[in-house]
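Colleague: The structure follows.
The values are calculated or read from the model by the stated rules, or taken from the named source; none is laboratory data. From a predicted model like this one, the values you see are computed outputs, not experimental measurements. As a convention, Cβ positions derive from the backbone with ideal geometry for all residues, glycine included, and neighbour counts pool all protein chains shown. Heavy atoms of the whole protein, side chains included, go into the accessibility calculation; ligands, DNA and RNA do not. Shrake-Rupley method; radii C 1.70, N 1.55, O 1.52, S 1.80 Å.
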Amino acid sequence: MDTQEAVLELPAASSVVARPQTAFALAIFLSAFLLFQVQLIVAKQLLPWFGGTAGVWNTCLVFFQLLLLAGYGYAHGIMARLTKPRLVRTHIAMLAASVALLAVFAFYGRSPIYPSDNLRPETVTSPAWHILMLLSVSVGLPFFLLSTTGPLLQAWFTHTHRGTSPYKLYALSNLGSLLGLLTYPLFFEPNLSLRNQGRVWALAYLMYVSVCVVCALRFAQTREEDEVGPTVGQDGVADVKPQIGQRLLWFGLASCGCIMLLAVTNLICQEIAVVPFLWVLPLSIYLLSFVLCFHEKPLYRRGLFHLAFALAAVWGGIEFLQGNRVRVLAQIGWFGLLLFVACMVFHGELANLKPSSRHLTSFYLHIAAGGAFGTALVGLVAPHIFPSTWEFQLGLWTSGLVVAVVLWRDRNSWLHNHPRWLASAVVLAVLGAADYIGVSVTILHTDPVYLHVLLGVTAVVTLVLIALGPRTPGRRPILLQMAVLCGWCLFGMLFWLQVHREFNRAVLMSRNFYGVLRVEYDQPIQEHHALLEKHGLTLHGAQLQASGSRRKPILYYGPSSGIGLLMLNRPASEGATTGENRRLRIGVVGLGVGTLAAYGEPGDYMRFYEMNPEVVLLAKGEQAAFSFLTDTAADTDVVLGDGRISLERELTAGTPQKFDFLAIDAFSSDSIPVHLLTREAMKIYLGHLRNDRSILAFHISNRSLDLTSVLAGLAEQYHLGLVRVLSLAPEGEAEIPSDWILMAADPAALKTPVLLQHAKPLQLSRPATLWTDDYSNLLHVLR
């Protein structure tokens, strides 16, 4: 049958596929929806095992991106190598195997997709590799099969719906992903426990498997003659085999998108973290750009988005130089805008480079490979080679080069065909940015007046060229190309200046799985110079540097804070003899710089629990930057590891610590470890207290979250007395406002004269709520 005959038979073939087309759309939508739902469900399940840090989410993203690559490779391989009957049998058998595996997990575990407690690591030396292993065991096969759906069913679609573009299904897939991402924190998480989330997900997966089998059987019924198509499909893409250059651009553009996605996620989760769920924003923007670019009527326009990309990048680079002087919400707005226009450029150019449907699986395989490369680069490699989140600057700079290569290869792009005034306008913009950041003084060491004169001349030339003919084409593209190159170099200079300034301000910078730590000098705190430890914008602690002030507890831990009042007005420990009645055993979850050790007295024992080894190195040892642990009169120990896991392990070993005070100090950051506020965690804390008069102290000073209702729920669950010490205007030296919740099984322990004077009964603005390892809802505690 020749091509003309195939085209003439198209209506007859299309008349019988209305219902199968719906099946294909439903299967692809469900697979994408379930892909992102399972990422969120399983990541939340793993948080209590690995300390609840942003690194857990980033590692999950790396795993899912790598498995997505494997799924795309599987789809491309079986379409190219297997006969149709064998292909269908193989895929249906794998779907059946995944259902059987879910059934086994549901029968023997708490949920079909919940990792077994037997897999929980006793010690975690390499968190990332443990997470990858657990994900492989718990959701590896179902996720792998879901990841194959997009390219595989779109390839089947081209056989069953000859002449119809499959790329609209790609937009539908990304829409499903976006809805799966957004509905989880807004609907599923607040209303369902983790166990029930897994069960609902498994039921939806069974529906997906059923629809996918229908699509497979429909594909198996297609005749060979139905698969012959025209050389140009209805999507207008010629059936030409992609060359190596085009394939490299698929890979490069996909890499740029994922590098920017994870880099912005790192900055928001680890550097800013103003409100919970903010990590949803970058991923939502990323998926939205795919939807808009691969829609039947794509919204991507080169001129508009390239201009927006350049402006956002340069303006953002200038604002980045100002660091903490830029308001947090302004930084978030810029990050979101820049990521959106950047992803629109990357994915818009990807859509322009898409091949005919015959090479569809190869196209998606290259996209997945590029995404996996970019994700691994940021999620696994960057934390080991960069002391700060410099992958953002480097990724943004190199992505500009990738886009320039795309434009260079396209002889119809504005880089080759443009109005003659555009070159001088780009030069004007480059000179203006250079003048704004002070290149004349800081780099060229010349009088700025020369640059000002050059700016004026260039502005006049640009206006004259526009007046003479705004549409007159330029005759020498090399002028614009050189101007763009200069702009790209200036852009790199912007970020080099930022990195240089960051190095100069910091006494020390370190980075690992848990984030970026900076030690730097601050402006005088009430006329006393201090050394600060910061995690992003979160202040972990500080120490005054004057010789007579180094042992003074400051910030949230001063004498008028809740913990300060407890430590300075300590009760006698049970069983103490005369002269020993002030010796206490004190536990602290969250080391910081070790400020609470300043309250230690001879005979006291203080045990700190800290999961970040870099924090321990800064507070203890010969090269420590802070000396609270060294200077204290108390005996101290530091237990490395997640506080809850370490405390639980000690109880299991039969060695409860019998603390008089146990302080939980891990909620200053807005990216809080939820697993430290659950019913199960509270049971562990209570198991380590000496008696009913021992006191639990929770530090809940937080800009965005009101945790009082959660702590009230825990107190009700365990019948504990509770008071709040809210110090809004502390009078102590270098103190700042703090909020502490104190609990004890014997309410009389909280009715000492000092606490009666400063503490107040808790007044809730919302009903008390009980969090468990199976259920928590951060939306409920937003201020």
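Colleague: With a sphere of radius 10 Å drawn around the Cβ of Met567, what net charge do the other residues whose Cβ falls strictly inside it have (Lys, Arg +1; Asp, Glu -1)?
Modeller: -1
Colleague: What distance in nm separates the simple spin-label points at His384 and Val461, each placed 7 Å from Cα in the Cβ direction?
Modeller: Distance between the two pseudo-spin positions: 4.9 nm.
Colleague: Would you kindly derive the ³J(HN,Hα) couplings of region 701-713 from the backbone phi angles with the Karplus curve 6.51 cos²θ - 1.76 cosθ + 1.60 (θ = phi - 60°), listing them in order in whole Hz, with x for Gly and Pro?
Modeller: Listing the rounded values in order: 5, 7, 6, 10, 10, 10, 8, 4, 5, 5, 5, 5, x Hz.
Colleague: Ordered by residue, what ³J(HN,Hα) values in Hz, to whole numbers, does region 140-152 give under the Karplus form 6.51 cos²θ - 1.76 cosθ + 1.60, where θ = phi - 60° and Gly and Pro are x?
Modeller: Ordered by residue, 3J(HN,Hα) equals x, 5, x, 5, 4, 5, 4, 5, 6, 5, x, x, 5 Hz.
Colleague: Grab every C-alpha pair in region 156-196, bin the distances at 5 angstrom width from 0 up to the longest one, and report whole percents.
Modeller: Binned Cα distances yield the sequence 6, 20, 16, 14, 12, 10, 9, 9, 5, 0.
Colleague: Let me ask something else. Tally Lys/Arg at +1 and Asp/Glu at -1 over every other residue whose Cβ is under 11 Å from the Cβ of Thr636; what's the total?
Modeller: Net local charge, Thr636 excluded: -2.
Colleague: I need the shape label for region 341-490. Rule: rounded when a/c is under 1.5, else prolate if a/b > b/c, else oblate, with a, b, c from the alpha carbon gyration tensor.
Modeller: Oblate is the answer for region 341-490, as a/c is 1.5 or above yet b/c matches or exceeds a/b.
Colleague: May I pose another question? At what distance in nm do the modelled label points of His780 and Gln717 sit from each other, each positioned 7 Å from its Cα along Cα→Cβ?
Modeller: Placing both labels 7 Å beyond Cα along the Cβ direction yields 1.0 nm.
Colleague: Next question, about the same structure. With only Lys, Arg, Asp and Glu charged, each at its Cβ (+1 for the first two, -1 for the last two), find how big the charge dipole of region 697-783 is about the Cα centre; round to the nearest 20 debye.
Modeller: 260
Colleague: Which pairs break 23 Å Cα to Cα here: Lys658/Lys683; Lys168/Lys354; Lys620/Lys683?
Modeller: Flagged as over cut-off: Lys620/Lys683.
Colleague: For region 697-762, what class follows from the C-alpha gyration tensor (a ≥ b ≥ c being the square roots of its eigenvalues): rounded when a/c is under 1.5, otherwise prolate if a/b is larger than b/c, else oblate?
Modeller: Numbers: a/c = 2.90, a/b = 1.28, b/c = 2.27.
Here region 697-762 falls in the oblate category.
Colleague: Here's something else I'd like to know. Give me the extension gain from Asp637 to Ser765: residue separation times 0.36 nm, minus the current Cα-Cα distance, reported in nm with one decimal.
Modeller: The Asp637-Ser765 span can extend by a further 42.2 nm.
Colleague: With bins 10 Å wide starting at 0, give me the P(r) of region 444-493 over every alpha carbon pair, in whole percents.
Modeller: With 10 Å bins starting at 0, P(r) equals 20, 39, 34, 7.
Colleague: Right, something else. Among the listed pairs Lys44/Lys552; Lys44/Lys534; Lys552/Lys760, which are separated by more than 32 Å between their Cα atoms?
Modeller: Lys44/Lys552
Colleague: Moving to a separate point now. Karplus couplings for region 542-559 from phi (6.51 cos²θ - 1.76 cosθ + 1.60, θ = phi - 60°), rounded to Hz, Gly and Pro as x?
Modeller: 7, 9, 5, 9, 5, 4, x, 10, 5, 8, 7, x, 10, 6, 6, 10, x, x
Colleague: Also, quick follow-up: Going by amide H atoms built from the backbone, whose H comes under 5 Å of the H on Val516, apart from near neighbours?
Modeller: For Val516, the qualifying residues are Gly536.
Colleague: Here's another thing I want to ask about it. When only alpha-carbon atoms count, how far does region 123-202 stretch along each of its three principal axes, as whole angstroms with the largest first?
Modeller: Dimensions of region 123-202 along the principal axes of its Cα atoms: 56, 31, 19 Å.
Colleague: Report the full-extension gain for the segment Tyr436 to Gln623: residue separation times 0.36 nm, less the Cα-Cα distance, to one decimal in nm.
Modeller: 63.3 nm
Colleague: Report, in debye and to the nearest 20, how large the dipole of region 620-712 comes out about its Cα centre when Lys and Arg carry +1 and Asp and Glu carry -1 on their Cβ.
Modeller: Result for region 620-712 is approximately 300 debye, rounded to the nearest 20.
Colleague: Take the eigenvalues of the Cα gyration tensor for region 348-434, scale each by 5, and report the square roots as semi-axes in whole Å, largest first.
Modeller: Each semi-axis is √(5λ); the values are 29, 25, 6 Å.
Colleague: Please name which of Val427, Phe363, Leu401 has its Cα lying farthest along the dipole of region 336-433 towards the positive end, using unit charges on Cβ (Lys, Arg +1; Asp, Glu -1) and the Cα centre as origin.
Modeller: Selected residue: Phe363.
Colleague: By its C-alpha gyration tensor, with a ≥ b ≥ c as the square roots of the eigenvalues, how is region 651-738 shaped: rounded for a/c under 1.5, else prolate for a/b larger than b/c, else oblate?
Modeller: Taking the square roots of the gyration eigenvalues as a ≥ b ≥ c, region 651-738 is prolate.
Colleague: Quote the FRET efficiency, to the nearest 0.05, computed for Ile244 versus Ala70 with a Förster distance R0 of 22 Å and r equal to the Cβ-Cβ distance.
Modeller: Values: r = 23 Å, r/R0 = 1.04.
After rounding, the FRET efficiency stands at 0.45.
Colleague: In addition: Would you rank Ser765, Ser147 by solvent-accessible area, highest first, keeping every protein chain in place and using a 1.4 Å probe?
Modeller: Numbers: Ser765 95, Ser147 0 Å².
The ordering from most to least exposed comes out as Ser765, Ser147.
Colleague: Tell me which residues come under 5 Å, amide H to amide H, from Ala633 once H is placed; ignore anything under 5 positions away on its chain.
Modeller: It is Gly600, by chain and number.
Colleague: When the chain is fully extended, how far beyond the present Cα-Cα distance does Lys751 get from Val137, taking 0.36 nm per residue of separation?
Modeller: Gain on extension, Lys751 to Val137, equals 215.9 nm.
Colleague: Modelling each spin label as a point 7 Å along the Cα-to-Cβ direction, I'd like the Ala93/Ala729 distance in nm, to one decimal.
Modeller: Label at Ala93, label at Ala729, 7.8 nm between them.
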